[in-house]
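Each remark here refers to the structure printed beneath this line.
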Amino acid sequence: MKRVYNFSAGPAVLPEPVLKKVQEELLNYGESGMSVMELSHRSAPFQNIIEEAQNLLRELLSIPDDYQVVFMQGGASMQFSMIPLNLLGKGQEADYIETGSWSKKAIKEAVKVGKVHTLSPAEPFEIPVYSPEDFSPQSSYVHITSNNTIEGTRFHEYPDTGGIPLVADMSSHILSEKIDVSSFGLIYAGAQKNLGPSGVTVAIIHDRLIGGATDTCPTMLNYDTYVKHDSLFNTPPTFSIYVLKLVLEWVKENGGVEGMQAHNEEKAALLYNCIDESSLFHNPVPEKNRSLMNIPFSTGNEDLNAQFLKEAKAEGFEFLKGHRSVGGMRASLYNAMPLEGVEALVDFMKKFEAKQGGE
Ligand SMILES: *Cc1c(COP(=O)(O)O)cnc(C)c1O
């Protein structure tokens with residue numbers, strides 16, 4: 001069967017060369033005589049895989065030496081708890097910018113640990129520019145969701161926190177465009193959108209944010225545990241880390257983050273232009289806050305949306321249904337989505353519109 005164009009928000013499309021390599025190596029990894037899934041996490045071949053994964057991520061994002069890279073389980077959702085447990089000491093406070101469903105979930109966990117100030121933009125799809133006076137000076141950190149997977153919005157300009165560490169949930173756009181790691185205190189991302197398969201979560205943490213967890217913090221929720229043991233305190237998700245490493249190699253071979261960014265800008269422009277020129281489809285996000293990765297659109301008519309989704313599926317466009325909280329459609333254009341996939345989608349949208357007599 002032919003592979004479809006998978007527009008899922010996550011788990012998401014993986015680069016085909018990566019999947020082929022996994023297939024090739026599946027029964028016998030390297031010279032080991034066994035599958036990578038069967039390798040001890042203490043063995044030399046696996047140690048090489050996890051080290052290489054870390055080195056590649058450091059290289060691709062130019063991560064400065066005073067940041068640690070750790071691999072964990074539990075998804076971005078577990079980070080919602082780990083962050084306050086590690087950064088929000090007794091009596092301390094944090095600022096959270098609420099820009100969508102995932103920020104709300106992060107806030108829900110943080111308020112269990114400490115005092116949280118929530119900053120909510122006035123308009124649902126608008127993300128204002130923030131400056132130091134917007135934050136409480138005694139805050140331990142400012143948390144943002146830098147790309148809002150569900151709403152299709154993003155920070156156009158990262159908040160100037162005036163020196164308060166900025167913590168960013170980059171789950172749905174890490175490695176999609178250049179970032180300056182040194183302007184963040186902590187970056188985290190579940191792998192299953194832009195980094196690899198589900199099961200592994202990456203965090204990039206500045207040294208000064210490590211070691212501050214309270215005594216009651218569970219060992220497995222303490223960043224210090226992962227840093228001290230090179231993410232090998234207990235059994236890590238070995239297969240997911242292996243595939244993540246292959247994805248990072250693929251990113252490097254395809255122009256690195258800069259190459260990804262150019263490719264992503266081209267794909268997103270193609271779809272946004274199609275939506276903006278259409279008299280049938282629309283996107284609710286002001287231009288400057290539009291996500292490069294997750295693009296919601298709708299006809300404004302539920303029956304017509306359902307018809308579109310049905311016909312799209314029959315043509316091999318999968319998982320275009322929007323999140324239930326937003327409705328309509330959503331196309332996620334992660335790094336691994338080829339340009340041809342977006343060209344084919346745009347073509348299909350134009351034909352669908354012409355059929356409705358919308359031209
Ligand atoms: C998908 C997603 C999450 C949740 O990730 P899990 O790994 O399923 O916990 C959190 N934040 C953002 C921005 C996401 O896109």
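Each value in this text was obtained by applying a stated rule to the coordinates, not by laboratory testing. This is a predicted model, so every value here is computed, not measured. Here Cβ is always computed from backbone atoms with ideal geometry, including for glycine, and neighbour counts include all displayed protein chains.
According to the Cα-based calculation, Rg over Rh for the range 213-341 is 1.12, with Rh computed by the Kirkwood formula.
Our helix-only sum for the chain, with -39,500 (n - 2.57) per DSSP H run of n ≥ 4 divided by its residues, gives a mean residue ellipticity at 222 nm of -11000 deg cm²/dmol. Once backbone amide H atoms are built at 1.01 Å from N, residue 43 has no partners under 5 Å, excluding neighbours fewer than 5 places away on the same chain.
Evaluating kT/(6 pi eta Rh) at 20 °C and 1.002 mPa s, with the Kirkwood radius of the chain over Cα pairs in the Stokes-Einstein relation, gives 100 µm² s⁻¹.
Restricted to Cα atoms, the range 10-74 shows a radius of gyration and a Dmax of 14.1, 38 angstrom.
Can you tell me how much longer the chain between residue 229 and residue 136 gets when fully stretched, taken as 0.36 nm per residue apart minus their C-alpha distance, in nm with one decimal? List each step's numbers first, then the result.
On the way: separation 93, 0.36 × 93 = 33.48 nm, distance 3.47 nm.
Going from the current span to full extension adds 30.0 nm.
Charge tally for residue 342 (other residues, Cβ to Cβ under 9 Å; Lys, Arg +1; Asp, Glu -1): -2.
Radius of gyration over Kirkwood radius for the range 117-177, both on Cα atoms: the Rg/Rh ratio is 0.95.
For a quick protection proxy, order the peptides 38-51, 291-304 by their average other-Cβ count within 10 Å, most packed first.
291-304, 38-51
Between residue 265 and residue 301, the simple label model (points 7 Å from Cα in the Cβ direction) yields a spacing of 3.7 nm.
The separation of the range 274-328 from the range 160-181, counted between C-alpha centres, amounts to 27 Å.
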